[in-house]
Amino acid sequence: MKIGIISYGAYIPKYRVTTEEIAGVWGKNAEEIARGLFVSEKSVPGLDEDTITIAHEASRQALDRVAFNPRHVDALFVGSESHPYAVKPSSVTVAKALGVGTDYYTADLEFACKAGSAGMQIVSSFVSSKKARTGLAIGADTAQGKPGDALEYTAAAGGAAFLIGSDDYEHIATIDDYVSYTSDTPDFWRSKHGKYPHHAERFTGKPAYFKHIFGATTYYLEKNNYSPSDFDSVIFHMPNGKFPRTVARALGFTEDQLSDSLVVDFIGNTYSGSSLLGLARVLDSAKPGDRILMTSYGSGSGSDTFSFTVTDAIEKMQTGVTVNDYIEDKIYLSYGEYAKHVGTVN
Amino acid sequence: MKKSVVAEWRRYEDRYRLMGSVCLLCKENFFPRVTHCVRCGSSDVRDRLFLREGEIYSFSKIHVSPEQFQKQVPYYVALIKLDNGPVISSQIVDVGSEKLFVGMRVYAVFRKVSGTGEQALTYGIKFRLTKK
């Protein structure tokens with residue numbers, strides 16, 4: 001049985017704070033930081049937005065694009081590292097507000113920035129095993145960065161949702177295969193009651209992000225006998241703008257294959273939403289027959305690689321709100337307003 | 001004021017999804033849901049899911065708010081005429097430099113309404129300006 005993406009939705013809050021605004025408060029050189037990270041502004045949640053509302057908006061769009069009856073959603077998984085509650089699932093509120101009903105498989109997922117792609121694997125596996133005919137896999141975050149920390153320039157808000165289903169439904173892209181590459185690597189963590197994450201600075205690079213993205217992607221290419229030139233587009237997790245560009249080059253992908261996915265340049269790192277938002281932006285302009293490769297990364301650490309083949313049905317889908325529409329629709333905040341939005345001041 | 005989580009839970013269907021009522025006798029729409037028609041008294045009422053779009057019927061900019069919304073001032077509250085439903089009151093969110101006017105198109109979004117610290121969070125429908 002073929003499985004594939006029936007529809008997708010994305011959401012980015014309207015608020016932005018610039019690298020210049022943050023750097024000005026901490027006496028840093030904004031130009032140098034923006035050049036190093038490839039990030040000149042980031043998205044910030046509204047005062048009444050959180051992972052649940054972002055996940056809902058992205059999912060609502062995914063369902064509305066194909067006028068999909070929410071009662072036919074058999075599984076729903078929300079991946080995030082900023083679930084509003086420590087105990088009480090985000091997924092049930094998202095499902096209730098969508099009108100999913102009560103007969104669905106669900107759980108909240110957490111695996112740093114790859115919880116969204118973990119959800120895509122779980123829903124795909126439910127559909128493959130015929131326990132579900134369709135399911136929503138959602139990655140959404142309102143990422144936290146300690147004031148003054150390097151993460152403050154990139155930790156952003158946004159999310160995307162993918163409605164995955166069996167071949168009883170029309171697919172806009174088939175899911176060809178997926179793999180994971182995982183190890184116990186302490187590059188980034190947030191303690192049980194901690195408000196902000198800690199990171200191991202340069203250790204987050206080579207032994208963490210690069211090793212796992214490289215590991216998952218090369219394993220996937222070898223397993224399926226693919227080479228980088230077999231793909232029209234590629235998406236890598238985007239903690240900043242530099243890392244995906246570096247890993248793409250190292251793996252033999254070109255800037256052209258990568259460029260459509262780089263939402264990070266405009267909104268920063270949306271954690272569990274990052275690679276999924278990249279995939280949504282690629283699908284916004286994909287053509288029938290395009291081959292797409294995606295590798296996520298979650299600290300701790302692991303990477304998931306997927307590949308997709310776009311079908312003719314994509315053309316019917318490219319009419320609604322695009323990721324670029326959200327990127328361009330923005331209100332700038334001062335640092336003080338930003339601090340209020342992310343709860344640094346109450 | 002302490003809110004009852006159970007009282008909130010009873011209204012999820014209305015608040016999360018814009019579920020109201022329609023009187024099958026006189027066809028009047030209601031939001032939130034009712035057990036009897038307020039207009040003709042009939043008990044022959046059914047649930048009705050209203051469309052998530054409408055237009056501004058009237059609006060006000062709030063500068064002095066109840067305590068729980070103080071962080072959000074100034075913000076807009078509006079009466080909204082739903083496309084297939086009654087006039088309801090709600091907050092208009094994410095307003096930047098746009099000037100609001102009567103008749104302006106809006107659509108429903110799902111947002112956090114209240115709850116901080118150790119409190120249970122409440123969510124519900126608010127409205128956003130429709131992009132031209």
Shielding of B:60-72 by partner chains, average beta-carbon count, 10 Å:
1
Report the label-to-label distance for residue A:146 and residue B:116 in nanometres (one decimal), using points 7 Å from each Cα along the Cα→Cβ vector.
2.4
Of all the stretches in chain B, which is the longest one without any exposed loop site, taking GluC sites (Glu not before Pro) in a DSSP loop (any state but H, G, I, E, B) with at most 14 other Cβ atoms within 10 Å?
B:1-97
Cut-off 10 angstrom, C-alpha nodes, Gaussian network model of chain A. Which of A:150, A:112, A:86 fluctuates the most?
A:86
Give me the extension gain from residue B:100 to residue B:73: residue separation times 0.36 nm, minus the current Cα-Cα distance, reported in nm with one decimal.
8.1 nm
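How crowded by other chains is A:95-102, given as the mean number of beta carbons from other chains within 10 Å of each beta carbon? Present the calculation step by step, with values, prior to reporting the outcome.
On the way: counts 0, 5, 8, 3, 5, 0, 0, 0.
Going residue by residue through A:95-102 and averaging, the value is 3.
Can you check what the Kirkwood hydrodynamic radius comes to for segment A:174-316, Cα pairs only, in Å to one decimal? Each step should come with its number before you reach the end.
Numbers: mean 1/r = 0.0647 Å⁻¹.
Taking the inverse mean of 1/r over all distinct Cα pairs, segment A:174-316 comes out at 15.4 Å.
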Given the -39500 (n - 2.57) contribution per DSSP H run of 4+ residues, what per-residue ellipticity at 222 nm results for chain B, rounded to the nearest 500 deg cm²/dmol?
-2000 deg cm²/dmol
How large is the charge dipole for segment A:174-316, taken about the Cα centre, if only the Cβ atoms of Lys, Arg (+1) and Asp, Glu (-1) carry charge, to the nearest 20 debye?
700
Computed magnitude of the charge dipole of the protein assembly as shown (debye, nearest 20; Cβ of K, R +1, Cβ of D, E -1):
1400
For residue B:63 and residue A:255, FRET efficiency with R0 = 41 Å and r from the beta-carbon atoms, rounded to 0.05?
0.25
Which order, highest average first, do B:36-43, A:165-172 follow once you tally other Cβ atoms within 10 Å for each residue and take the mean per peptide?
A:165-172, B:36-43
Nearest-20 debye value, segment B:5-129 charge dipole, Cβ charges on Lys, Arg, Asp, Glu
120
Which residue, chosen from A:99, A:320, A:67, occupies the Cα position most advanced towards the positive end of the dipole of chain A, where the dipole is computed from +1 (Lys, Arg) and -1 (Asp, Glu) charges on Cβ about the Cα centre?
A:99
Can you list the cysteines of the protein assembly as shown that have no other Cys Cβ under 4.7 Å away?
A:113
Distance from the Cα centre of segment B:85-109 to that of segment A:2-63, in angstrom?
24
Over chain A, what is the percentage of antiparallel beta bridges among all DSSP beta bridges, to the nearest 5?
70
Rg and Dmax in Å for the protein assembly as shown, alpha carbons only: what are they?
22.4, 73
Based on other C-beta atoms within 10 Å, arrange B:90, A:299 from fewest to most.
B:90, A:299
Could you tell me which trypsin sites (Lys or Arg not before Pro) in segment B:52-105 are loop residues by DSSP with no more than 12 other beta carbons within 10 angstrom of their beta carbon?
B:99
Over what distance in Å are the Cα centres of segment A:236-288 and segment B:20-66 separated?
45
Per the rule of 0.36 nm per residue minus the C-alpha distance, extending residue A:105 to residue A:321 adds in nm 74.9 nm
Note the count of lysine pairs whose C-alpha atoms are less than 16 angstrom apart in segment B:13-132, limited to pairs 8 or more residues apart or on different chains.
8
Checked against the positive end of the charge dipole of segment B:5-129 (+1 on Cβ of Lys and Arg, -1 on Cβ of Asp and Glu, about the Cα centre), the farthest of B:40, B:9, B:87 is B:87
Segment A:1-68: which trypsin sites (Lys or Arg not before Pro) are DSSP loop and have at most 16 other beta-carbon atoms within 10 angstrom?
A:2, A:28
Trypsin sites (Lys or Arg not before Pro) within segment A:171-205: which are DSSP loop residues with at most 15 other Cβ atoms inside 10 Å?
A:192, A:195
Give the long-range amide H neighbours of residue A:105: residues separated by 5 or more places, or on another chain, with amide H under 5 Å away, using H modelled in the peptide plane at 1.01 Å from N.
A:75, A:76
So what J values fall out for segment B:19-25 if you push phi through Karplus, 6.51 cos²θ - 1.76 cosθ + 1.60 with θ = phi - 60°, rounded to Hz, Gly and Pro as x?
7, x, 10, 10, 7, 6, 8
Under 13 Å from a label point 7 Å along Cα→Cβ of residue A:339: give me every residue in segment A:138-180 with its amide N that close.
A:147-148
Quick one: compute the contact order of segment A:169-241, relative version, from alpha carbon pairs under 8 angstrom and 6+ residues apart, as a percent.
25
In whole Hz and in residue order, list the ³J(HN,Hα) couplings for segment A:226-241 that follow from phi through the Karplus curve 6.51 cos²θ - 1.76 cosθ + 1.60, θ = phi - 60°; x for Gly and Pro.
9, 10, x, 6, 6, 10, 7, 9, 9, 10, 10, 3, 10, x, 7, x
Cα-based shape type of chain B, given that a ≥ b ≥ c are square roots of the gyration tensor eigenvalues and the cut on a/c is 1.5
oblate
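Bear in mind these aren't lab numbers, they're just calculated from the coordinates by the rules spelled out. Everything numeric in this text was worked out from a predicted model, so none of it was measured. Glycine also receives a Cβ, built like all others from the backbone with ideal geometry; neighbour counts cover every protein chain displayed.
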